[in-house]
Amino acid sequence: MNRPMPAFSNGAAQRDAQLSAEVYDQPGHLIRRAQQIAVSMFYSTMGHEVTPVQYCVLRILQDHPGIDQVTMARLCALDTSTAANLAVRLEERGLLHRMVPMKSKRFRLLQLTPKGAALLKRLLPSGYELSNRLLQALNKEEQKVFLRLLKKFVHLNNEESRAPLELLDGRDRVMRSDESSVLEPRRRRIKRRAS
């Protein structure tokens, strides 16, 4: 992004002004601003019943009922203490059950309650609307490129996160997101045979 620079008589002052203006072009700043915009659009589209992270937890539990708290943390890219606090808060609100299995009291299994499932069912259409709103300023080709590059950036830098995303493979084993590309061709082959 090129901004017109004011005229300076001093070369050092011009250089300092240019450096301060360039912060708006820095990837970190732009990512932070994108996050602010995404969160603001989340609340204006989805309401204030859940936070973006709580919505992610509910979606993960919808897809993986009965997973343990540590696995939920990995699938949501959260540290385990944050995930535990989230689970407690969602349980207090009646949106999920935390169950202690009889075999081991060291971990908790998580399941959506009927109230949590009903809330999620109500929010899902707004989730699709939010996705559309977030991308509507871009044309269809730009949307594809933006999402492809965003996924690539997140995937390639996953290990830089304090809580790297981990996915479940087809056998419900946890794996790092950077391992998912190894499984991708296998999934495609399986789908082709089934068709």
Here, MET41 and VAL88, labelled 7 Å along Cα→Cβ, have an inter-label distance in nm of 3.4 nm
Kirkwood-based Rg/Rh on the Cα set of the stretch 47-130 evaluates to 0.96
Heads up, the stretch 103-166 by the C-alpha gyration tensor (a ≥ b ≥ c square roots of eigenvalues; a/c under 1.5 rounded, else a/b over b/c prolate, else oblate) looks oblate
On the formula 1/(1 + (r/R0)^6), with r taken between the Cβ atoms of VAL23 and LEU109 and R0 of 30 Å, the FRET efficiency rounded to 0.05 is 0.05
Total charge of the residues flanking THR82 in space, meaning their Cβ is under 13 Å from its Cβ, with Lys and Arg +1 and Asp and Glu -1, is +2
With DSSP loop assignment and no more than 13 other C-beta atoms within 10 Å, the trypsin sites (Lys or Arg not before Pro) in the stretch 43-119 are LYS103, LYS105, ARG106
Once phi for every residue in the stretch 141-158 is put through the Karplus expression 6.51 cos²θ - 1.76 cosθ + 1.60 (θ = phi - 60°), the whole-Hz ³J(HN,Hα) values, with Gly and Pro written as x, are 5, 4, 4, 4, 5, 4, 5, 4, 5, 5, 4, 4, 4, 5, 4, 6, 10, 3
Simple spin-label estimate for GLU49/ASN157, 7 Å along Cα→Cβ, in nm, reads 3.3 nm
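No lab work stands behind these numbers, since they all come straight from the coordinates. For clarity, every value in this text was computed on a predicted model and none was experimentally measured. In this analysis, Cβ positions are derived from the backbone assuming ideal geometry, glycine residues included, and neighbour counts consider all displayed protein chains.
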